[in-house]
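The values are calculated or read from the model by the stated rules, or taken from the named source; none is laboratory data. All values reported here derive from a predicted model rather than from experimental measurement. Neighbour counts are summed over all protein chains in view; Cβ atoms, including those assigned to glycine, are modelled from backbone coordinates with ideal geometry. Ligands, DNA and RNA are stripped out before the accessible areas are found, and what is left, the full protein with its side chains, is counted by its heavy atoms. Shrake-Rupley method; radii C 1.70, N 1.55, O 1.52, S 1.80 Å.
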Amino acid sequence: MRAKKGPPDFILFITTLALLGIGLVMVFSSSAVTSNIRYDDAYHFFKRQLYWAILGIMAMMVIMKINYAKLKGLAFPLMIVSLICLVLVITPLGIEVNESNRWLGVGFLRFSPSELAKLGMIMFLARTMDQNLSSIRSFSKGVLPYLLLVALVGGLIMLQPDLGTAFAIAATVFFMLLAAGAKWSHLGAVFMAGLGTILAAIAVAPYRLERLVAFLNPWKYAGDEGYQTIQSLYALGSGGLFGMGLGRSRQKFFYLPEQHTDFIFAILGEELGFVGACLVLLLFLLFAWRGFRTAIKAPDTFGSLLAAGITLMVVFQALVNIAVVAGALPVTGITLPFISYGGSSLLFTLCGVGLLLNISRYCN
């Protein structure tokens, strides 16, 4: 790589730390009651999240200093490891949580293979698209292979079951194909195929269909599938302009399920109000700006696609999560990057940011 190495993107770095700091505060605030009742320790979830945050920051700093071109060789092995882990998680080796097999590991040292698969897919796509850029406008050679890969990875993830993560990966692949220069007609066919797959996945799983029906009229199903959405809206509405005050949420007292994971943004809006919610939205917009700026200014195609993929994954997940919390989308199970409780999600997201900061060092 001939580009001269400089300092990483300072705004992107500070934005990431700001989101991470807000996340740690909100994980403690939203989970303290549940932690105290379940584990007799109000800091239980916070300590775990802090541990993963420290580990993630260390990984981010190390990855940030290694020339990202040298990491290109990890794309294939990482993709293979991701596929193996996705297979293992649906075997008896997988750890079941809330009727879903999404974890591997022992005790506290466990991780979600789907989080590894997100980063592995992005790196694999960036490398292979870079190598086969001249074929990207061909459906059979440039688009179909990625559709088959998405079908394989997405299918394994849906067996856990986890439709939300499969959807996020598919959407990221779609936009990376767009960034690489695939034809609009091919992308239209991909979109229709993806939409058909989602509808089929909803139709074969009664609970997904119930969520969709409840989304259309949550008040009609207030005591069942619409309960979580309604409680989330109560939390956001109670926050008003400036919020009820940090730590003073009412909904976290076992009214709102998943209050420190999928629906942590509702607790944030209740405690910090419209102003606090807008601050988080502004930080994600800053992240998107600097991430896409890095993708545009990257010195090579691999770096450009890698930066675009990482930025797309983070921003897309954030938009979907916030839309779900606000009742604009059905409940999907997608967490809020940097802020929701989840160790492996935080670790691999920070690894992705490390790559993004790495690429930014070579942007003139």
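Among the residues of the stretch 319-364, how many are assigned to a loop (DSSP other than H, G, I, E, B) and either open to solvent by less than 10 Å² (accessible area, probe 1.4 Å) or closer than 27 Å to K47 by Cα (or both)?
If we filter the stretch 319-364 for residues that are assigned to a loop (DSSP other than H, G, I, E, B), which is where we start, we get 326-342, 361-364.
Adding the requirement that they be either open to solvent by less than 10 Å² (accessible area, probe 1.4 Å) or closer than 27 Å to K47 by Cα (or both) leaves 332-342.
The number of residues fulfilling the criteria is 11.
Do we find a residue being of a type outside the set (D, E), open to solvent by 30 Å² or more (accessible area, probe 1.4 Å) and under 24 Å from T261 (Cα atoms) anywhere in the stretch 166-178?
Step one: of the stretch 166-178, the residues of a type outside the set (D, E) are 166-178.
Next, only the ones that are open to solvent by 30 Å² or more (accessible area, probe 1.4 Å) stay: 167, 170, 174-175, 178.
Narrowing further to those that are under 24 Å from T261 (Cα atoms): 167, 170.
Yes, there is a match, as at least one residue in the stretch 166-178 is of a type outside the set (D, E), open to solvent by 30 Å² or more (accessible area, probe 1.4 Å) and under 24 Å from T261 (Cα atoms).
Restricting to the stretch 109-143, name every residue that is at pLDDT below 80 and either of a type in the set (S, T, Y) or more than 24 Å from G73 (Cα to Cα) (or both). Let's see the steps before the verdict.
First, the residues of the stretch 109-143 that are at pLDDT below 80: 109-111.
Answer for the stretch 109-143, where residues must be at pLDDT below 80 and either of a type in the set (S, T, Y) or more than 24 Å from G73 (Cα to Cα) (or both): L109, R110.
So for the stretch 48-56 (the condition being open to solvent by less than 50 Å² (accessible area, probe 1.4 Å) and either without any contact (Cβ under 8 Å) to a residue 40 or more places away in the chain or under 14 Å from Y362 (Cβ atoms) (or both)), does at least one residue qualify? Spell out how you get there, then give the answer.
In the first step, residues of the stretch 48-56 are kept if they are open to solvent by less than 50 Å² (accessible area, probe 1.4 Å); the result is 49, 52-53, 56.
When the remaining residues are screened for being either without any contact (Cβ under 8 Å) to a residue 40 or more places away in the chain or under 14 Å from Y362 (Cβ atoms) (or both), the result is none.
No.
Does at least one position in the stretch 2-15 carry a residue that is under 30 Å from R248 (Cβ atoms), part of a helix (DSSP H, G or I) and modelled with pLDDT of 90 or more? Even if it seems obvious, please write down each step before you answer.
Going through the stretch 2-15, the residues under 30 Å from R248 (Cβ atoms) turn out to be 14-15.
Applying the additional criterion that residues be part of a helix (DSSP H, G or I) yields 14-15.
When the remaining residues are screened for being modelled with pLDDT of 90 or more, the result is 14-15.
Yes: the stretch 2-15 contains one or more residues that are under 30 Å from R248 (Cβ atoms), part of a helix (DSSP H, G or I) and modelled with pLDDT of 90 or more.
Scan the stretch 219-230 residue by residue and report those that are farther than 13 Å from T332 by Cα, part of a helix (DSSP H, G or I) and open to solvent by 20 Å² or more (accessible area, probe 1.4 Å).
Passing the criteria: W219, K220, Y221, Y227.
Would you check which residues across the stretch 91-108 are at pLDDT below 70 and either closer than 19 Å to Q49 by Cα or not in a strand (DSSP E or B) (or both) and list them?
Passing the criteria: V97, N98, E99, G105, V106, G107, F108.
Which of the residues that make up the stretch 254-295 are hydroxyl-bearing (S, T, Y) and either open to solvent by 10 Å² or more (accessible area, probe 1.4 Å) or touching a His at 6+ places or on another chain (Cβ under 6 Å) (or both)?
Those that are hydroxyl-bearing (S, T, Y) and either open to solvent by 10 Å² or more (accessible area, probe 1.4 Å) or touching a His at 6+ places or on another chain (Cβ under 6 Å) (or both): Y255, T261.
On the basis of being modelled with pLDDT under 95 and farther than 30 Å from S134 by Cβ, does T301 make the cut? Walk me through it before giving the result.
Details: modelled with pLDDT under 95: yes; farther than 30 Å from S134 by Cβ: no.
No: the conditions fail for T301.
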